[in-house]
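The values are calculated or read from the model by the stated rules, or taken from the named source; none is laboratory data. Here the structure is a predicted model, which means the values were calculated and not measured. Cβ coordinates were reconstructed from backbone atoms using ideal geometry, including for glycine residues, and neighbour counts include every protein chain displayed.
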Amino acid sequence: MASGYFCCKPNEMNFQHPGTEEILFGIFAFAVLLQLWYYLGVFSRLAFYRKKSSSQAFPPASIIICAKNEDDNLAEYLPLVLTQDYPDYEVVVVNDCSWDNTADVLKEFAGKHPHLKVVTVKEDENYAHGKKFAVMVGIKGAKNEYLLFTDADCRPNSKDWLKHMMSNYTEGTEIVLGYGAYEKRPGLLNRLIRFDTFCIAVQYLSWCLARRTYMGVGRNLSYKKSLFFNMRGFASHYHIESGDDDLFVNEAATKRNSKIEICVDSFTVSKVKTSVSGWFRQKRRHVTTGPLYNFRTKFRLGMLGISQYLFFGLFVTLLVMQVQPVIVLSVFGFRLLLQMIIFKKSMDKLGEKDLLLLAPLFELLLLFFYPALMISNLFWKRNKWKMR
């Protein structure tokens with residue numbers, strides 16, 4: 001490369017005497033390399049994942065659901081849980097201080113389904129507990145070693161949901177991560193919520209395939225009862241409202257004890273928020289667990305976020321400054337193409353094909369949404385897992 005090539009115009013770079021433009025371009029290049037590493041080195045694992053042979057010896061299992069004022073949801077979705085095509089399983093529903101008709105609904109189902117076990121937690125004026133207490137009660141009340149968790153407002157995608165999740169328990173497996181989707185409804189907000197859920201799933205499922213498991217979602221999560229007690233349950237983070245799923249997995253997962261299940265029949269589908277304020281409140285609770293992840297997890301997720309902000313911020317800055325616009329635009333286009341290929345393959349696997357065309361827009365919206373969420377949490381306190 002000729003030494004004077006970058007000195008021809010004020011807008012072009014001089015690498016012999018680095019200035020602001022050269023530094024910004026170098027940071028942009030670094031951000032691009034980070035982005036390419038995440039997409040090619042990590043997220044491609046899910047995009048091109050093919051499941052290996054699974055176990056056909058289905059062990060006795062316990063499905064655990066915590067319900068607080070969920071009479072309508074239980075009436076609609078519990079029958080789908082109670083009629084799984086599985087040789088030996090029970091359903092444990094924890095009625096956590098409900099004051100609606102939850103108790104009556106469960107009593108009626110229990111009379112028809114012997115494998116339904118109802119555990120009731122009563123209100124204690126001197127002790128305000130969260131969801132983790134209800135989860136622990138359900139685990140202690142379960143008779144089987146293999147546990148599968150979901151929520152009262154979730155429905156399994158098929159009668160083979162339990163079978164697919166349990167099929168992953170081969171020697172050494174203690175945790176199975178599933179996909180918890182949200183129902184599809186008309187409107188931009190619904191697609192944005194599902195895109196956010198999809199991106200989170202791409203991350204935790206891909207990192208699991210990379211043997212760096214860091215979280216799961218309680219809407220569709222399985223682990224062994226013995227693992228729970230060996231890890232002393234939620235002892236290290238019981239004071240945090242959320243985290244019965246992701247914080248536990250963050251502590252309990254090793255390089256070899258976790259697997260994923262992404263067969264369409266293994267998904268759960270949850271009711272989705274229909275207002276921005278409702279979704280914002282839900283997400284505000286979810287992100288409170290992030291600071292308690294281990295350092296390696298926070299570093300990996302943090303570098304991904306930093307590389308995104310640097311990439312988009314410097315892309316605009318360099319174009320405005322007219323610094324190597326052809327190179328900048330070409331790099332942006334290549335990264336976008338790679339991202340869309342990874343997203344397309346992953347969306348095909350997770351049943352979210354309708355999100356592809358809006359993915360670039362949604363990515364930008366979420367880059368503004370999450371900082372607002374973090375700032376909001378600085379001034380927000382919450383004590384109960386489900387408000388009245």
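For region 110-129, the criterion of a residue being assigned to a loop (DSSP other than H, G, I, E, B), out of contact with any His (no Cβ under 6 Å at 6 or more places or on another chain) and of a type in the set (Val, Ile, Thr) is satisfied by no position. Selection of region 83-100 for residues being buried (at least 16 other Cβ atoms within 10 Å of the Cβ) and at negative phi yields 84, 86, 89, 90, 91, 92, 93, 94, 95, 96, 98. Annotation note: of 254, 274, the sole residue that is over 26 Å from residue 211 (Cβ atoms) and outside any helix (DSSP H, G or I) is 274.
The rows are residues; the columns are (1) touching a residue at least 12 places away in the same chain (Cβ under 8 Å); (2) within 21 Å of residue 223 (Cα to Cα); (3) buried (at least 18 other Cβ atoms within 10 Å of the Cβ).
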residue	(1), (2), (3)
103	yes, no, no
107	no, no, no
113	yes, no, no
140	no, yes, no
145	yes, yes, no
148	yes, yes, yes
151	yes, yes, yes
156	yes, yes, yes
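Just so you know, in region 205-235 the residues that are in contact with a Phe, Trp or Tyr (Cβ under 9 Å, 6 or more places away or on another chain) and closer than 17 Å to residue 295 by Cβ include one that is surrounded by the fewest Cβ atoms within 10 Å (Cβ to Cβ), and it is 214. Scanning region 266-281 for residues that are under 18 Å from the mean Cα position of the chain (by Cα) and either at pLDDT 95 or above or among the β-branched types (Val, Ile, Thr) (or both) yields 266, 267, 268, 269, 270, 272. Just one of the listed residues (238, 214, 223, 182) is of a type in the set (Phe, Trp, Tyr) and farther than 20 Å from residue 286 by Cα, namely 223.
If you go through region 179-214 and keep only what is touching a residue at least 24 places away in the same chain (Cβ under 8 Å), at negative phi, in a loop (DSSP other than H, G, I, E, B) and of a type outside the set (Asp, Glu), you end up with 179, 184, 185, 210, 212, 213, 214. From the list 316, 287, the one residue that fits, being of a type outside the set (D, E, K, R), surrounded by fewer than 19 Cβ atoms within 10 Å (Cβ to Cβ), modelled with pLDDT under 95 and not in a loop (DSSP other than H, G, I, E, B), is 287.
Quick grid of which residues meet (1) of a type in the set (Phe, Trp, Tyr); (2) modelled with pLDDT under 95:
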position: 291; (1), (2): no, yes
position: 296; (1), (2): no, yes
position: 324; (1), (2): no, yes
position: 332; (1), (2): yes, no
position: 346; (1), (2): no, no
position: 353; (1), (2): no, no
